[in-house]
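The values are calculated or read from the model by the stated rules, or taken from the named source; none is laboratory data. Note that this is a predicted model, so its numbers are computed, not measured. Cβ placement follows ideal geometry from the backbone for every residue including glycine, while neighbour counts extend to all protein chains displayed.
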Amino acid sequence: MKPANQIIGQVLRVGIGVLTAIMIGGVTIGSAQESVSVRATLMTGGVPVDDPSAAAWSSAPPATFPMSPQVHWQNRIQEVTVKDVIVRALHDGKQVAVLVEYADPTQDPDDAAALEFMVGDKKAHFAHGQPMLQVEGGPVNIWFWKNKAAKAVDMNAKGFGTLKAQEHQDVKAKGVYSNGTWKVVFSRDLSTGHAEEDVQITPGQFISIAFAVWDGRKDGAGDLVEKGSQKAVSSWWYFRADAPPDYSGYMYAAIAAALALGFQFVLIRKLKKGQSA
Amino acid sequence: MGALGKPIILMVGMYAFLKFVLPNIPGSAPLPSSLIFLYLLLTASGIVIFETLSGESKDAFWGPIQRFLTGENIGGLQALRYGVFILFPLLVGWQTYGSTAVSDLPPTESRTIHPAPPGEYTGLSNPVPKTPENIMQGKGFYAAYCSPCHGGNFDGKGPAARGYIPAPANFADPTTIAMLQESYLFWRIKKGGVGLPIEGAPWKSAMPRWEVELPDEWIWKIIMGEYDGAHQSPRTWE
């Protein structure tokens, strides 16, 4: 028979091991989601690609991003109409839809909006993938919508003056104007066969997204006030499509709790045996 | 439970010291929980070694623990004993869940705010004489080219600033141009955001590459106007 304190010694060693593992694992405290990223909520039954007012959008959390006049490159503009965009996104595992909403006092044929993504692993400057002097950057993928065209253009750029529509057009867009607000839905398959040109959206992974808006109003002389590089832009933010629900955390927790329960049981049994002997 | 009193007081006291006293000592900082745990583990090991040095102290130390765990003659503590047996597995399960759950937070980013300039931009001195006329002219260029973002008051709060991350530099802040040399500003203005090295996250800065639009002489004058307008002086090595 082993003396009781020897048993306790053994038990303590195991216990300290378990406790250490717990403490190193640490406690993860849930944190509030600020507007630093767009979260595409996973839904079933097809995303509302043609309907900015669909009820399904209420299940997608809105994220608000501030806009600035584009100043990085000429021609610049000092003031823009749109100060913020509100963005929501949905996906069903196959298609993704991004709803961009913003205030614009007038509906004009030249009103336009665009999403911009980094393509692949290389970083790209937020201003059209402008070449960086000390870092080799990648291209950007731009999804462009214009009111009078009533469709999206799928484009690429790697620096100002290089913007070009792709040969294969994968993006759709639909804009609806009401009560001084534009709601524009961009949609595409999560992945395409052209990873060199198109952003590929893998559920669970963060990718970079930026926004641009043109108010198509005209000045007294009949010229467009916002056009080309004279537009409202945002900085880079994050975008993530929700991964399918993962319940493995509950399984691991149940296993750990069962092990702890078993450990207690063995400990008490051994101690009682040691005492009675 | 007499033999257990002192160790318990010692552990609680140690925790309180590490958690609440140590961070308030000048020059110190709050300890990460993993470090606190390590110190408490060392304290506990010390107690166990000390208490088991002799046979009597060993029995006096382990006896009460053993009695509590086996539930022998502990009277009113029986409820506490069952509570511990229920709470311990739940705690282990909760901690395991917390450490395996997938984070909802985007990747963390670190950005060096003032990365080192290329060699050719160190130690240059401003070739433009510091006359009231030149400073005046520099302020005029600043108002035209820089103030939309960096602000008419040199505070980084221009009307075009709101959407940009990183925010345009606030020149009135003593941690910006006041701790930099004129040659550093010359580099930043000439090459802009895209001229930053990788640690400066050049893909996010909206700062224009002014060398394609403004002559060097104007840039030197803008630098003078910025220091004067923000009531700062360039850093020097004298």
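Results for (1) at pLDDT 85 or above; (2) within 13 Å of chain A (Cβ to nearest Cβ); (3) more than 28 Å from B:Arg81 (Cα to Cα), shown as yes or no for each residue.
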position	(1), (2), (3)
B:Leu10	yes, no, no
B:Lys19	yes, no, no
B:Gly27	no, no, yes
B:Ile49	yes, yes, no
B:Thr52	yes, yes, no
B:Ser57	no, yes, no
Where A:Glu79 falls short, out of the listed (1) in a loop (DSSP other than H, G, I, E, B); (2) away from chain B (no Cβ under 13 Å): (2)
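Residue-wise test of (1) acidic (Asp, Glu); (2) out of contact with any strand residue (DSSP E or B) (no Cβ under 8 Å at 6 or more places or on another chain); (3) loosely packed, with under 14 Cβ neighbours inside 10 Å.
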{"site": "B:Gly98", "(1), (2), (3)": "no, yes, no"}
{"site": "B:Val102", "(1), (2), (3)": "no, yes, yes"}
{"site": "B:Pro106", "(1), (2), (3)": "no, no, no"}
{"site": "B:Ser110", "(1), (2), (3)": "no, yes, yes"}
{"site": "B:His114", "(1), (2), (3)": "no, yes, yes"}
{"site": "B:Glu120", "(1), (2), (3)": "yes, yes, yes"}
{"site": "B:Gly123", "(1), (2), (3)": "no, yes, yes"}
{"site": "B:Lys130", "(1), (2), (3)": "no, yes, yes"}
{"site": "B:Tyr142", "(1), (2), (3)": "no, yes, no"}
Residue satisfying condition, being at pLDDT below 85 and exposed (fewer than 14 other Cβ atoms within 10 Å of the Cβ), within set A:Ala21, A:Ala32: A:Ala32
Of the criteria (1) surrounded by 12 or more Cβ atoms within 10 Å (Cβ to Cβ); (2) of a type in the set (Asp, Glu); (3) within 28 Å of B:Trp218 (Cβ to Cβ), which one B:Glu51 fails: (3)
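Conditions tested, residue by residue: (1) over 22 Å from the mean Cα position of the chain (by Cα); (2) basic (Lys, Arg); (3) more than 9 Å from every other protein chain (Cβ to nearest Cβ).
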{"site": "B:Gln181", "(1), (2), (3)": "yes, no, yes"}
{"site": "B:Tyr184", "(1), (2), (3)": "yes, no, yes"}
{"site": "B:Lys190", "(1), (2), (3)": "yes, yes, yes"}
{"site": "B:Pro197", "(1), (2), (3)": "no, no, no"}
{"site": "B:Ala201", "(1), (2), (3)": "no, no, no"}
{"site": "B:Arg209", "(1), (2), (3)": "yes, yes, no"}
{"site": "B:Pro215", "(1), (2), (3)": "yes, no, yes"}
All positions within the stretch B:1-22 that are loosely packed, with under 14 Cβ neighbours inside 10 Å and either more than 32 Å from the chain's Cα centre (by Cα) or over 30 Å from B:Gly75 (Cα atoms) (or both): B:Met1, B:Gly2, B:Gly5, B:Lys6, B:Ile8, B:Ile9, B:Ala16, B:Phe17, B:Lys19, B:Phe20, B:Val21
Out of A:Leu224, A:Leu271, sole residue that is touching a Leu at 6+ places or on another chain (Cβ under 6 Å) and either crowded, with 17+ Cβ neighbours inside 10 Å or in contact (Cβ under 8 Å) with a residue 40 or more places away in the chain (or both): A:Leu271
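Go through A:Ile86, A:Ile142 for me and flag whichever is in a strand (DSSP E or B), touching a residue at least 24 places away in the same chain (Cβ under 8 Å) and surrounded by fewer than 18 Cβ atoms within 10 Å (Cβ to Cβ).
Of A:Ile86, A:Ile142, the one residue that is in a strand (DSSP E or B), touching a residue at least 24 places away in the same chain (Cβ under 8 Å) and surrounded by fewer than 18 Cβ atoms within 10 Å (Cβ to Cβ) is A:Ile86.
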Contacts under 7 angstrom Cβ, first residue in the stretch B:200-229 being among the polar types (S, T, N, Q), partner not in a helix (DSSP H, G or I), 6 or more apart: B:Ser205/B:Pro166; B:Ser205/B:Leu196
Pairs where the first residue, in the stretch A:249-263, is more than 7 Å from chain B (Cβ to nearest Cβ) and the second is surrounded by fewer than 14 Cβ atoms within 10 Å (Cβ to Cβ) and part of a helix (DSSP H, G or I), C-beta under 8 Å, 6+ apart: A:Phe263/A:Val14
Residue under evaluation A:Gln134, criteria (1) free of Cβ contacts under 8 Å to residues at least 12 places away in the same chain; (2) in a strand (DSSP E or B), criterion not met: (2)
Residues within the stretch A:184-203 that are of a type in the set (D, E, K, R), touching an Asp or Glu at 6+ places or on another chain (Cβ under 8 Å) and either farther than 28 Å from A:Trp73 by Cα or surrounded by fewer than 16 Cβ atoms within 10 Å (Cβ to Cβ) (or both), tallied: 2
Selection status of B:Gly63, small (Gly, Ala, Ser), within 22 Å of A:Ile268 (Cα to Cα) and part of a helix (DSSP H, G or I): yes
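Looking at this structure, is B:Ala144 at pLDDT 95 or above and within 13 Å of chain A (Cβ to nearest Cβ)?
Taking the combined requirement at face value, the residue satisfies it.
Yes/no per residue for (1) buried (at least 21 other Cβ atoms within 10 Å of the Cβ); (2) within 24 Å of B:Gly123 (Cβ to Cβ); (3) of a type outside the set (Lys, Arg):
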site	(1), (2), (3)
B:Tyr164	yes, no, yes
B:Asn170	no, no, yes
B:Thr176	no, yes, yes
B:Gly195	yes, yes, yes
B:Gly200	yes, yes, yes
B:Arg209	no, yes, no
Of all residues in the stretch A:157-176 being touching a Ser or Thr at 6+ places or on another chain (Cβ under 9 Å) and not basic (Lys, Arg), the one that is surrounded by the fewest Cβ atoms within 10 Å (Cβ to Cβ): A:His168
Unmet criterion (only one of (1) exposed (fewer than 11 other Cβ atoms within 10 Å of the Cβ); (2) modelled with pLDDT of 85 or more; (3) among the hydrophobic types (A, V, I, L, M, F, W, C); (4) more than 29 Å from A:Val266 (Cβ to Cβ)) for B:Ala79: (4)
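To keep it simple, each residue is scored yes or no on (1) without any contact (Cβ under 8 Å) to a residue 24 or more places away in the chain; (2) among the small types (Gly, Ala, Ser); (3) within 30 Å of A:Ile255 (Cα to Cα); (4) surrounded by 11 or more Cβ atoms within 10 Å (Cβ to Cβ).
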{"residue": "B:Asn24", "(1), (2), (3), (4)": "yes, no, no, no"}
{"residue": "B:Ile36", "(1), (2), (3), (4)": "yes, no, yes, yes"}
{"residue": "B:Ser45", "(1), (2), (3), (4)": "yes, yes, yes, yes"}
{"residue": "B:Arg67", "(1), (2), (3), (4)": "yes, no, yes, yes"}
{"residue": "B:Gly75", "(1), (2), (3), (4)": "yes, yes, no, no"}
Among the residues listed as A:Ser187, A:Ser229, the single one being closer than 30 Å to A:Pro109 by Cβ and in contact with a strand residue (DSSP E or B) (Cβ under 6 Å, 6 or more places away or on another chain): A:Ser187
Residues of the stretch B:77-123 that turn out to be more than 9 Å from chain A (Cβ to nearest Cβ) and of a type in the set (S, T, N, Q), as a count: 5
Test: A:Ser235 is modelled with pLDDT of 95 or more, more than 19 Å from A:Asp108 (Cβ to Cβ) and at the interface with chain B (Cβ under 10 Å from one of its Cβ atoms): yes
